[in-house]
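The values are calculated or read from the model by the stated rules, or taken from the named source; none is laboratory data. It should be emphasised that the depicted structure is a prediction, and the values quoted were computed from it without experimental measurement. Here the Cβ positions follow ideal geometry from the backbone for every residue, glycine too, while neighbour counts run over all protein chains shown. Heads up: the accessible areas ignore ligands, DNA and RNA and are worked out on the full protein's heavy atoms, side chains in. Shrake-Rupley method; radii C 1.70, N 1.55, O 1.52, S 1.80 Å.
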Amino acid sequence: MPFKHVLLTALQALESHKSRSALTILGIVIGVAAIIMVMSLGKGAEAMILGEVSGLGPETVILRPGNSLTDFTQTLYSQTITKKDIEALKRKQNVPNLVEIAPLVITYESVEYQGDLYRPSIMGAPAEFIANLFDIGLSEGHLYTDDDIDQEARVAIIGSEIKNDLFGSSRAVGKQVKIKDKKFKVIGVFEDKGNVGGFNIDTLVLIPQTSVQTYITGTDYFAEVMIRADSPENAEKLAYDVEVTLRDVHDLSFHEENDFNITTQEETIEMIQTIVTIFTSFLITVVAISLVVGGVGIMNIMLVSVSERTKEIGLRKALGATRQDILNQFLSEAIILTSLGGVIGIIIGASFSFLAALILSQTVAEGWEYIFPVGGSLLGVGVSAGVGLLFGIYPANQAAKKSPIEALRYE
Amino acid sequence: MNLFEVSNLEKTFTGGGVETKVLRGIDFSIEEGEFVSIMGPSGSGKSTLLNILGFLLDHSSGEYKFNGRRYEDHTEDEIAQVRNREMGFVFQTFNLLPRLSVFENVQLPLMYSGRPESEWKDRVDEVVEMVGLTHRSDFDTYKLSGGEKQRVAIARALVNGPNVIFADEPTGNLDTKSGQVVMQTLQELHDKFGHTILLITHETFTAEHADRMIYIVDGKVESDKKNLNRRDAKLDFRK
Ligand SMILES: Nc1ncnc2c1ncn2[C@@H]1O[C@H](COP(=O)(O)OP(=O)(O)OP(=O)(O)O)[C@@H](O)[C@H]1O
Ligand SMILES: [Mg+2]
């Protein structure tokens, strides 16, 4: 039988049972819609996280104490990166591609103003670097300079929430606050910004790192050092130079492990992509199971349909249809049905994820973008057609096996 | 040449642990171009015999040759092809697909024939005209009267230009007048176009439209004789 007529016959049969056909494919529709949503939202999340991370720029390398990238507590309590290391790294002959180095100190300490207390996170870091990195401006005052850092100036820039809490509506710039009984002069206030890259800017106090070490922590350790290479291509080389320099400064012999770790942005991006992929794959596996359930539903309905249409099958065979003709007819019905389910599922899934993206971007995740998963859609149609083929074979074969006269006698 | 050759043909149905012996040794041969009626009481095995002759059912023992070739020497696809190309069936209960139009029903055998699609339409129109239903061609068949339905079934049986037409009580569900139209058509197909026709009926009146009458009782041929006073459906009709 010509292929065109196989399809037409199948369509005719499906059309004569419209509501049954619709109910049959519901499982597939929902399954594929779920795949599309998971993929779309997964890609959206990935794009957003990457957008935030790569705010650092691909030429930036992060150096942290402790040899494990994943053991965060070890990183926190390791005290292996000191002023001496920074000085060594700053030397041109050690790390020739270094253009900027920003050592960070992070600690928690109370800030006092006229008896009122606030417990913010205190970050010691170059002001300009941080302002650029997180893309934050000031609502009043100005940033401190590299000279302030060299001179261990007792100046502070505070987040908007701290300002409101301690100063209310009056000006904060020019006032003195006390941290660990040392007086610091407020020289700037950050604009409202909320969470950026894991820091709540509104509850942050930014102070020159040298001043934090001298007056607050009393140590010369750093929690994190950001180092910028002269170009993204040189980031790997820079990381290597940093490693060699630090191993030398720390006097590590060749069999000792690093007591620090270095992450390039490329590695971070890869890590995030891996996490998102694992997560998405897991969800898709769950959804795939629902497609199998949908497939079993289709098989069930098709078996009913085959037994209902015993007479038609017998007649077609009596008129000269071969086993193959009958098999093709029922398989086409199954595949058309599930593929249609797939297409409807894609449309529904895409619409829902578009809506979700819209809501997300206007509420919790500014900058969330809608991504239509092209690959996922092709996969969705392919998988649903496959489900039709797989779960249609058994009923179609049952139909093809029928003997014509048994079928014609059937009442 | 003998189109059908049957010797010592037996058919036993087994089902639910019960064996039903339906055909108990049938012998006859039928030449190309004959018009034969098969008669007998209900349950005597007429339909079973016709279904075996029509490649719709296999026999239990004995031999059946169609066109000189043993039934069991055909592959499944060849069996389908013989049914499609060389045989046409007309059933008592019409067996049309009710949601398809007259045209589509008649077209069905062509779809399985392997003939080029370009020939289909002309062929369908031709046989639909032959049974006088051109004006009903686009009707869904469930809307037709019984007589019209049976004429659609005849057109469908003819569409591939088969040699043989099997008709199992084609007038059984029709009133006398519609039955006469069907019988007239069958006679015409035999007389004008030389089709071989095997007709089952339990009415002597209807059987007498054939040239040869085989009488079956209890799964055996009881008599097999020429009909010397063949009825002419056209004349019956005028009465
Ligand atoms: N598939 C089957 N399984 C068991 N018995 C069957 C089967 N098909 C037919 N029979 C039996 O075979 C016998 C002959 O049936 P058949 O249909 O050939 O009779 P018939 O001569 O055509 O009768 P009628 O004039 O009523 O149509 C009946 O007793 C019937 O019950
Ligand atoms: Mg019968």
*Could you check how many residues of the range A:297-326 are more than 19 Å from A:Ser384 (Cα to Cα) and of a type in the set (A, V, I, L, M)?*
8
*Kindly indicate the residue of the range B:117-133 that is of a type outside the set (Gly, Ala, Ser) and open to solvent by 70 Å² or more (accessible area, probe 1.4 Å) and also nearest to the other protein chains (Cβ to nearest Cβ) among those meeting that condition.*
B:Glu117
*Could you list all residues from the range B:10-31 that are over 21 Å from B:Ala207 (Cβ atoms) and of a type outside the set (S, T, N, Q)?*
B:Glu10, B:Lys11, B:Phe13, B:Gly15, B:Gly16, B:Gly17, B:Val18, B:Glu19, B:Lys21, B:Arg24, B:Gly25
*Restricting the range B:45-60 to residues that are more than 9 Å from ligand 2 (Cβ to nearest atom) and among the small types (Gly, Ala, Ser), the residue that is surrounded by the fewest Cβ atoms within 10 Å (Cβ to Cβ)*: B:Ser60
_Single residue of the range B:1-35 satisfying the filter (open to solvent by 50 Å² or more (accessible area, probe 1.4 Å) and within 16 Å of ligand 2 (Cβ to nearest atom)) that is nearest to the other protein chains (Cβ to nearest Cβ)_ = B:Phe13
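Let's see how each residue does on (1) closer than 24 Å to B:Ala210 by Cβ; (2) within 16 Å of ligand 1 (Cβ to nearest atom):
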{"residue": "B:Gly15", "(1), (2)": "no, yes"}
{"residue": "B:Ile30", "(1), (2)": "yes, no"}
{"residue": "B:Phe35", "(1), (2)": "yes, no"}
{"residue": "B:Gly54", "(1), (2)": "yes, yes"}
{"residue": "B:Ser60", "(1), (2)": "no, yes"}
{"residue": "B:Thr75", "(1), (2)": "no, no"}
{"residue": "B:Ile79", "(1), (2)": "no, no"}
{"residue": "B:Gly88", "(1), (2)": "yes, no"}
{"residue": "B:Val102", "(1), (2)": "no, no"}
*Output the residue which, of all residues in the range A:366-411 that are within 14 Å of chain B (Cβ to nearest Cβ) and assigned to a loop (DSSP other than H, G, I, E, B), is modelled with the lowest pLDDT.*
A:Glu411
_Scan the range B:82-89 and tell me whether some residue there is within 20 Å of A:Pro404 (Cβ to Cβ), within 16 Å of ligand 2 (Cβ to nearest atom), part of a loop (DSSP other than H, G, I, E, B) and in contact with a Phe, Trp or Tyr (Cβ under 8 Å, 6 or more places away or on another chain)._
no
*Go through (1) modelled with pLDDT of 85 or more; (2) assigned to a helix (DSSP H, G or I); (3) open to solvent by less than 30 Å² (accessible area, probe 1.4 Å) one by one and return the number of the condition A:Val95 breaks.*
(2)
*Are there any pairs with C-beta distances below 6 angstrom linking a residue in the range A:318-344 that is farther than 10 Å from A:Val6 by Cβ and in the same structural domain as A:Ser305 (by TED's automatic domain parsing) to a residue that is open to solvent by less than 10 Å² (accessible area, probe 1.4 Å) and among the basic types (Lys, Arg), with the two at least 6 apart or on different chains, and if so which?*
none
_Conditions (1) assigned to a loop (DSSP other than H, G, I, E, B); (2) within 16 Å of ligand 2 (Cβ to nearest atom); number of the one not met by B:Leu198_ = (1)
*asked:* Just to check your reading of the model, which residue among A:Thr214, A:Thr210 is touching an Asp or Glu at 6+ places or on another chain (Cβ under 6 Å) and within 19 Å of A:Leu143 (Cβ to Cβ)?
replied: A:Thr210
*Looking only at the range B:76-116, count how many residues are of a type in the set (Lys, Arg) and either more than 8 Å from every other protein chain (Cβ to nearest Cβ) or farther than 30 Å from B:Lys65 by Cβ (or both).*
2
*Would you check if there is a residue in the range A:177-195 being more than 24 Å from A:Ile101 (Cα to Cα), open to solvent by 70 Å² or more (accessible area, probe 1.4 Å) and assigned to a helix (DSSP H, G or I)?*
no
